[in-house]
Amino acid sequence: MNKNYTILVVDDEKSIRDTVRMMLQEDYKVITAKTGREAVEIAKKKPLDLVLLDIRLPELDGIETLKTIKEIDDSIDVIMITAVVTVGTAVQAMKIGAYDYITKPFDIDSIQSIVKNALEKRRLSKENLYLKSVVEAERGFEKIVGQSSLIKEIFSLIEDVSDNNSSTVLITGDSGTGKELVARAIHNRSGRKDHLFVTVNCAAIPENLIESELFGHEKGAFTGAMDRRIGKFELASGGTLFLDEISTLPFPMQAKLLRVIQEKEVERVGGSKLIPVDARIIAATNNNLKEMVSKGDFREDLFFRLNVIPINLPSLKERPEDIPLLINHFLNIFNKKFNKKAKGFQKDSLQKLMAYDWPGNVRELENLMERLVALSKEEYLLKEKLPSEILKTQAGSKEDLFDLSLKEASQRFESDFIKKAIQKAGGSKSKAAEILGIHRNTLFTIEKKNKSN
């Protein structure tokens with residue numbers, strides 16, 4: 001928490017206002033009002049994150065004040081302050097928009113806990129709205145989600161490449177980075193967008209059928225060829241042919257593909273007629289074609305023909321700042337699919353997710369989100385449900401400390417320092433206290449304080 005949050009405390013008793021302010025002012029900016037009308041005027045003029053509002057107020061009572069504040073800004077959360085005898089009224093207030101209520105007399109722990117939860121909810125709501133707006137803004141790039149400098153470079157490349165309707169494109173990148181999405185984005189921005197985008201997964205087609213799949217065949221060309229079949233090149237003519245996993249294409253077929261790209265004509269299997277085709281070729285692979293060329297596993301001339309415009313997609317590990325956007329994107333998709341209302345992750349879970357390497361890239365994150373949302377029963381997705389390999393990830397870093405308040409950062413450092421001293425002392429807290437130059441009881445007190453925070 002930090003001073004960026006503004007809390008308004010409304011109570012006609014000065015002692016209550018002063019007490020609550022003292023409880024919260026170390027972590028938040030706190031302002032006060034003694035009447036409902038004064039609170040409404042403040043809400044009109046100042047941006048507020050949270051209001052602690054007494055139900056029993058002179059002139060304008062708490063219920064009417066709540067309604068008016070919600071009319072001014074419905075995003076402001078309001079916590080009602082009430083005596084035990086008016087709990088029923090507080091429940092009524094919650095039905096018309098109050099976040100929660102606290103009863104008098106209250107203690108510092110209950111106040112701080114409910115305030116922290118309310119502001120965490122507000123933070124997540126604002127973050128989700130922001131992420132949704134970014135996703136909407138990028139919707140023009142199909143389902144490619146991100147705002148990192150690396151992904152913005154890809155957006156720029158897509159725009160540039162789309163202006164060129166004929167040159168071949170080679171998209172490289174690890175599995176799961178979104179190569180087909182990029183290919184579709186190029187097609188949809190090009191002058192070929194009114195024609196077909198045809199996909200061929202070279203790795204999924206048996207070697208003896210790949211030629212027929214690409215070029216088509218005539219009736220009776222081979223056993224089982226009962227009818228003429230139009231190949232993918234003909235289907236894509238005028239549009240785009242996306243050859244995924246191009247590195248798996250059998251070596252003999254590589255020569256035939258090269259000829260078709262150069263001559264812009266195909267001959268169906270079992271046929272003798274040359275058929276003109278005008279399909280833009282976009283190929284993709286997660287293998288290093290240069291290395292394959294050097295080993296003799298891929299034709300050098302075909303590589304150069306495909307690699308006219310290269311696009312290399314970054315791994316998810318290289319753009320962790322896009323992870324919250326992707327999480328929100330998939331959250332919306334799977335909430336609709338499974339009719340759920342999951343709101344996302346708490347901050348500590350998000351840090352783990354951003355620190356994880358994601359060897360399966362965006363596809364791995366998508367699969368995880370689908371599983372978590374499908375099985376979720378809680379309002380927020382629980383950290384305990386994350387896979388063990390993510391939970392083991394060390395999310396903390398020097399940069400992360402600047403997301404904390406000075407107090408939180410100091411407590412973290414103090415706690416870690418004491419743990420290391422105890423380890424150095426072989427587990428003896430008395431020896432650890434000697435190493436630190438403090439009394440043994442002081443060490444116990446510090447440990448107890450840090451555990452409670």
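State whether one or more residues within segment 310-317 are modelled with pLDDT of 90 or more, buried (at least 17 other Cβ atoms within 10 Å of the Cβ) and among the hydroxyl-bearing types (Ser, Thr, Tyr). So that I can check it myself, show each step before the final result.
To start, the set of residues in segment 310-317 that are modelled with pLDDT of 90 or more comprises 310-317.
Of the ones still in play, those that are also buried (at least 17 other Cβ atoms within 10 Å of the Cβ) are 311, 313-316.
Retained after the next criterion (residues that are among the hydroxyl-bearing types (Ser, Thr, Tyr)): 315.
Yes, segment 310-317 contains a residue that is modelled with pLDDT of 90 or more, buried (at least 17 other Cβ atoms within 10 Å of the Cβ) and among the hydroxyl-bearing types (Ser, Thr, Tyr).
Taking segment 22-43 on its own, how many of its residues are out of contact with any strand residue (DSSP E or B) (no Cβ under 8 Å at 6 or more places or on another chain) and more than 18 Å from residue 58 (Cβ to Cβ)?
Within segment 22-43, residues that are out of contact with any strand residue (DSSP E or B) (no Cβ under 8 Å at 6 or more places or on another chain) and more than 18 Å from residue 58 (Cβ to Cβ) number 5.
Please enumerate the residues belonging to segment 397-453 that are in contact with an Asp or Glu (Cβ under 7 Å, 6 or more places away or on another chain) and at pLDDT 70 or above.
418, 446
Would you mind stating whether residue 222 is over 17 Å from residue 283 (Cα atoms), aromatic (Phe, Trp, Tyr) and surrounded by fewer than 20 Cβ atoms within 10 Å (Cβ to Cβ)? Let's see the steps before the verdict.
On the way: over 17 Å from residue 283 (Cα atoms): yes; aromatic (Phe, Trp, Tyr): yes; surrounded by fewer than 20 Cβ atoms within 10 Å (Cβ to Cβ): yes.
So residue 222 fits the description; yes.
I'm trying to understand the selection: among the residues of segment 68-84, which are surrounded by fewer than 16 Cβ atoms within 10 Å (Cβ to Cβ), touching a residue at least 12 places away in the same chain (Cβ under 8 Å) and among the charged types (D, E, K, R)?
If the condition is that a residue be surrounded by fewer than 16 Cβ atoms within 10 Å (Cβ to Cβ), touching a residue at least 12 places away in the same chain (Cβ under 8 Å) and among the charged types (D, E, K, R), then 73, 74 are the ones that fit.
Among all residue pairs at least 6 apart or on different chains, which show Cβ distances below 8 Å where the first residue, located in segment 296-313, is free of Cβ contacts under 8 Å to residues at least 12 places away in the same chain and the second is hydrophobic (A, V, I, L, M, F, W, C)?
Listed pairs, sorted by first residue: 300/293.
I'd like to check which strands (runs of 3 or more DSSP E) are fully inside segment 248-290 and have at least 1 residues that are more than 38 Å from the chain's Cα centre (by Cα) and within 20 Å of residue 192 (Cβ to Cβ). Steps first, answer last, please.
Working: elements: 265-267, 274-276, 280-285.
Strands (runs of 3 or more DSSP E) meeting the threshold: 265-267, 274-276.
Residue by residue, here is whether (1) surrounded by fewer than 16 Cβ atoms within 10 Å (Cβ to Cβ); (2) not hydrophobic (A, V, I, L, M, F, W, C); (3) not assigned by TED's automatic domain parsing to the domain that holds residue 103 holds:
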| residue | (1), (2), (3) |
| --- | --- |
| 26 | yes, yes, no |
| 35 | no, yes, no |
| 39 | no, no, no |
| 45 | yes, yes, no |
| 51 | no, no, no |
| 56 | yes, yes, no |
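Restricting to segment 192-219, give me the number of residues that are loosely packed, with under 14 Cβ neighbours inside 10 Å and out of contact with any Gly (no Cβ under 9 Å at 6 or more places or on another chain).
Number of matching residues: 6.
I'm trying to understand the selection: among the residues of segment 17-36, which are part of a helix (DSSP H, G or I) and without any contact (Cβ under 8 Å) to a residue 24 or more places away in the chain?
Looking only at segment 17-36, we keep the residues that are part of a helix (DSSP H, G or I), and these are 17-24, 36.
Across segment 17-36, the qualifying residues are 17, 18, 19, 21, 22.
Condition check ((1) charged (D, E, K, R); (2) assigned to a strand (DSSP E or B); (3) out of contact with any helix residue (DSSP H, G or I) (no Cβ under 7 Å at 6 or more places or on another chain)) across all residues:
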site	(1), (2), (3)
59	yes, no, no
70	yes, no, yes
94	no, no, yes
98	no, no, no
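Residues in segment 165-191 that are among the small types (Gly, Ala, Ser) and surrounded by fewer than 17 Cβ atoms within 10 Å (Cβ to Cβ): how many?
Here is the first cut: in segment 165-191, the ones among the small types (Gly, Ala, Ser) are 166-167, 173, 175-176, 178, 183, 185, 190-191.
Pick out the ones that are also surrounded by fewer than 17 Cβ atoms within 10 Å (Cβ to Cβ) and you get 166-167, 175, 191.
Within segment 165-191, residues that are among the small types (Gly, Ala, Ser) and surrounded by fewer than 17 Cβ atoms within 10 Å (Cβ to Cβ) number 4.
Between 171, 205, 186, which is at negative phi and free of Cβ contacts under 8 Å to residues at least 12 places away in the same chain? Please lay out each step first, then the result.
Details: 171 fails: free of Cβ contacts under 8 Å to residues at least 12 places away in the same chain; 186 fails: free of Cβ contacts under 8 Å to residues at least 12 places away in the same chain.
The conditions single out 205.
Do you know which residues across segment 361-389 are surrounded by fewer than 19 Cβ atoms within 10 Å (Cβ to Cβ) and touching an Asp or Glu at 6+ places or on another chain (Cβ under 8 Å)?
Listed by number, the list holds a single entry, 383.
Scan segment 229-245 and tell me whether some residue there is of a type in the set (Phe, Trp, Tyr), crowded, with 19+ Cβ neighbours inside 10 Å and more than 27 Å from residue 150 (Cα to Cα). Don't jump to the end; show me each part of the working.
Within segment 229-245, the first condition is being of a type in the set (Phe, Trp, Tyr), and the residues that meet it are 233, 242.
With crowded, with 19+ Cβ neighbours inside 10 Å added as a condition, the list becomes 233, 242.
From the residues that got through so far, the ones that are more than 27 Å from residue 150 (Cα to Cα) too are 233.
So far as segment 229-245 goes, yes, one or more of its residues are of a type in the set (Phe, Trp, Tyr), crowded, with 19+ Cβ neighbours inside 10 Å and more than 27 Å from residue 150 (Cα to Cα).
Testing residue 389 on (1) at pLDDT 90 or above; (2) in contact with a helix residue (DSSP H, G or I) (Cβ under 9 Å, 6 or more places away or on another chain), one condition comes back false. Which one is that?
Checking residue 389 against (1) at pLDDT 90 or above; (2) in contact with a helix residue (DSSP H, G or I) (Cβ under 9 Å, 6 or more places away or on another chain), the one that fails is (2).
Please go through segment 200-209 and pick out each residue that is touching a helix residue (DSSP H, G or I) at 6+ places or on another chain (Cβ under 7 Å) and either in a strand (DSSP E or B) or aliphatic (A, V, I, L, M) (or both).
Just the residues of segment 200-209 that are touching a helix residue (DSSP H, G or I) at 6+ places or on another chain (Cβ under 7 Å), to begin with: 200, 202-203, 205.
200, 203, 205, listed by residue number.
Restricting attention to segment 37-52, report how many residues are part of a helix (DSSP H, G or I) and either under 35 Å from the mean Cα position of the chain (by Cα) or among the basic types (Lys, Arg) (or both).
Filtering segment 37-52 for residues part of a helix (DSSP H, G or I) gives 37-45.
Narrowing further to those that are either under 35 Å from the mean Cα position of the chain (by Cα) or among the basic types (Lys, Arg) (or both): 37, 43-45.
Number of matching residues: 4.
Given the residues 304, 330, which is the only one that is assigned to a helix (DSSP H, G or I) and modelled with pLDDT under 95? Step through it out loud before you land on a result.
Details: 304 fails: modelled with pLDDT under 95.
Of 304, 330, the one residue that is assigned to a helix (DSSP H, G or I) and modelled with pLDDT under 95 is 330.
So which of 341, 336, 290 is outside the structural domain of residue 160 (by TED's automatic domain parsing), surrounded by fewer than 14 Cβ atoms within 10 Å (Cβ to Cβ) and touching a helix residue (DSSP H, G or I) at 6+ places or on another chain (Cβ under 8 Å)?
Numbers: 336 fails: touching a helix residue (DSSP H, G or I) at 6+ places or on another chain (Cβ under 8 Å); 290 fails: outside the structural domain of residue 160 (by TED's automatic domain parsing).
Criteria check complete, one pass: 341.
Restricting attention to segment 149-162, does a residue exist that is closer than 14 Å to residue 240 by Cα and either in the same structural domain as residue 260 (by TED's automatic domain parsing) or surrounded by fewer than 20 Cβ atoms within 10 Å (Cβ to Cβ) (or both)? Steps first, please.
So the first thing to find is which residues in segment 149-162 are closer than 14 Å to residue 240 by Cα, and the list is 161-162.
Cutting the leftovers down to either in the same structural domain as residue 260 (by TED's automatic domain parsing) or surrounded by fewer than 20 Cβ atoms within 10 Å (Cβ to Cβ) (or both) gives us 161-162.
Scanning segment 149-162 turns up at least one residue that is closer than 14 Å to residue 240 by Cα and either in the same structural domain as residue 260 (by TED's automatic domain parsing) or surrounded by fewer than 20 Cβ atoms within 10 Å (Cβ to Cβ) (or both).
Just to be sure before I move on: is residue 9 without any contact (Cβ under 8 Å) to a residue 40 or more places away in the chain, crowded, with 21+ Cβ neighbours inside 10 Å and part of a strand (DSSP E or B) in the structure I sent?
Numbers: without any contact (Cβ under 8 Å) to a residue 40 or more places away in the chain: no; crowded, with 21+ Cβ neighbours inside 10 Å: yes; part of a strand (DSSP E or B): yes.
No: the conditions fail for residue 9.
The values are calculated or read from the model by the stated rules, or taken from the named source; none is laboratory data. Everything numeric in this text was worked out from a predicted model, so none of it was measured. We place every Cβ from the backbone using ideal geometry, glycine too, and count neighbours over all the protein chains shown.
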